[in-house]
């Protein structure tokens, strides 16, 4: 039963197996999904009561959408590493897979989770928040996709860093905020352009920033994760 | 298969506190390495370093090169049982073993998994979630978990903890059998856990 495939293929199988393990575990325990859904529903309800039927300018609504997404992500995405630490299974996983396979397996899981969360948030937001109209759907869709990847990438590595800390609940959003600030400012601006009906080319600069952000965060995560994970 | 586990000048310190230093040994197939020492002497720390889940502050742990090429990462060569190593509670015993293989990119062998779980006395509970098990039952499943990928090196930290008499007998059989084909490393305070050893590392003398 020795591994005989190529190293790349084995790494890919390890990564997808870790993703599937987390996925099945989540379906059984509902650790992250419950927290995320409850947070989004509660926050949008509060916003609904606060704004009422008066509405708000597109730039304010765009910013508020990403505030909901940011804090939603903060309430659920750290679970991927924190739950391993709390259950004492971190060492078990260290024994089973190389650090990079763990990082990308967890990143894949967080990505699926954040895309599902964002789809749910946008759906509720569009249905209930008066005045939130997207005029350029292509800009908005790509912003949500790239924003989700960026959020998943930074949330995953930060979760890995804070998992062993005693005050992880507080540390997570505090540490995430400065790292996520460039991403948030860019996605808010791109969402505003989508709401104002800008041409796709006008948002090209934002997309370049988002792609660069993702490349930098994923590369740095890959380089530092060995040290974070092992010691 | 000719495998050697070679530790050279190992030192581990947490901040400024040195746990042990100048620890060196070589263990080969059909040998039992005993790691002894009082509480806090670093037995578990040394075992974790051998399993490659913790880095030494100084020194190296190496495997004979041919063996490494055959098995890939050191974690693929090691089976590990310890009271602080946890299984996934929300999965069944069988699912834990399947997962141990799929995450290592190996194909799960259903009949071997059944055979292993029967061997550790868990035949009737293999499809129950681990959260429903007693600590002794979990310890039994950990042995199956450690052996499922046929590791040539078996690392046991406090091997008899939580086990009843029958469980202790089962572990002795596993140890005897593993010694015939691989390297057995046992870290314990209780010298009755192990009848015989070939190499002894005394961490009381390694400060």
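I want to confirm something. Restricting to the stretch B:41-65 and keeping residues that are within 16 Å of residue B:15 (Cα to Cα) and surrounded by fewer than 17 Cβ atoms within 10 Å (Cβ to Cβ), which single residue is modelled with the lowest pLDDT?
B:55
Residue by residue, here is whether (1) under 30 Å from residue B:55 (Cα atoms); (2) surrounded by fewer than 21 Cβ atoms within 10 Å (Cβ to Cβ) holds:
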site	(1), (2)
A:47	no, yes
A:84	yes, no
A:88	yes, yes
A:91	yes, yes
A:106	yes, no
A:128	no, yes
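Restricting to the stretch B:99-142, give me the number of residues that are within 14 Å of chain A (Cβ to nearest Cβ) and on the phi > 0 side of the Ramachandran plot.
1
Out of everything in the stretch B:111-121 that is touching a helix residue (DSSP H, G or I) at 6+ places or on another chain (Cβ under 8 Å) and surrounded by fewer than 21 Cβ atoms within 10 Å (Cβ to Cβ), what residue ends up being farthest from residue A:14 (Cα to Cα)? Break it down stepwise before answering.
We begin by selecting, within the stretch B:111-121, every residue touching a helix residue (DSSP H, G or I) at 6+ places or on another chain (Cβ under 8 Å); these are B:113-114, B:116-117, B:119-121.
Still in the list and also surrounded by fewer than 21 Cβ atoms within 10 Å (Cβ to Cβ): B:114, B:119, B:121.
Numbers: B:114: 23, B:119: 27, B:121: 29 Å.
Only one residue tops the list, namely B:121.
Which condition from (1) in a helix (DSSP H, G or I); (2) more than 7 Å from chain A (Cβ to nearest Cβ) is the one that residue B:75 breaks?
Here residue B:75 meets the rest and fails (2).
Within the stretch A:153-167, identify whether any single residue is closer than 30 Å to residue A:50 by Cα and in contact with a helix residue (DSSP H, G or I) (Cβ under 6 Å, 6 or more places away or on another chain), and answer yes or no. Spell out the reasoning first.
Of the residues in the stretch A:153-167, the ones closer than 30 Å to residue A:50 by Cα are A:155.
Filter once more, keeping what is in contact with a helix residue (DSSP H, G or I) (Cβ under 6 Å, 6 or more places away or on another chain): A:155.
Within the stretch A:153-167, one or more residues are closer than 30 Å to residue A:50 by Cα and in contact with a helix residue (DSSP H, G or I) (Cβ under 6 Å, 6 or more places away or on another chain).
Mind telling me which of the residues B:145, B:80 ends up being surrounded by 20 or more Cβ atoms within 10 Å (Cβ to Cβ) and either away from every other protein chain (no Cβ under 14 Å) or in a helix (DSSP H, G or I) (or both)? Walk me through how you get there before you give the answer.
Values: B:80 fails: either away from every other protein chain (no Cβ under 14 Å) or in a helix (DSSP H, G or I) (or both).
It is B:145.
For the stretch B:72-94, does any single residue satisfy the condition of being under 20 Å from the mean Cα position of the chain (by Cα), modelled with pLDDT of 95 or more and more than 21 Å from residue B:159 (Cα to Cα)?
Within the stretch B:72-94 (the criterion being under 20 Å from the mean Cα position of the chain (by Cα), modelled with pLDDT of 95 or more and more than 21 Å from residue B:159 (Cα to Cα)), the answer is yes, since at least one residue qualifies.
To keep it simple, each residue is scored yes or no on (1) at pLDDT 85 or above; (2) under 27 Å from residue A:217 (Cα atoms); (3) within 14 Å of chain B (Cβ to nearest Cβ); (4) crowded, with 19+ Cβ neighbours inside 10 Å.
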residue	(1), (2), (3), (4)
A:8	no, yes, yes, no
A:19	yes, yes, yes, yes
A:23	yes, yes, yes, no
A:27	yes, no, yes, no
A:35	no, yes, no, no
A:52	no, no, no, no
A:64	yes, yes, no, yes
A:98	yes, yes, yes, yes
A:102	yes, yes, yes, yes
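In the stretch A:195-208, which residues are crowded, with 18+ Cβ neighbours inside 10 Å and within 21 Å of the chain's Cα centre (by Cα)?
First, the residues of the stretch A:195-208 that are crowded, with 18+ Cβ neighbours inside 10 Å: A:195, A:203, A:206.
A:206, the sole residue that qualifies.
Could you count how many residues in the stretch B:112-142 are over 17 Å from the mean Cα position of the chain (by Cα), touching a residue at least 40 places away in the same chain (Cβ under 8 Å) and assigned to a loop (DSSP other than H, G, I, E, B)?
Final tally of qualifying residues: 2.
The values are calculated or read from the model by the stated rules, or taken from the named source; none is laboratory data. Computed from a predicted model, the values in this text were never measured in an experiment. Cβ sites come from the backbone with ideal geometry, for glycine too, and all protein chains shown count toward neighbours.
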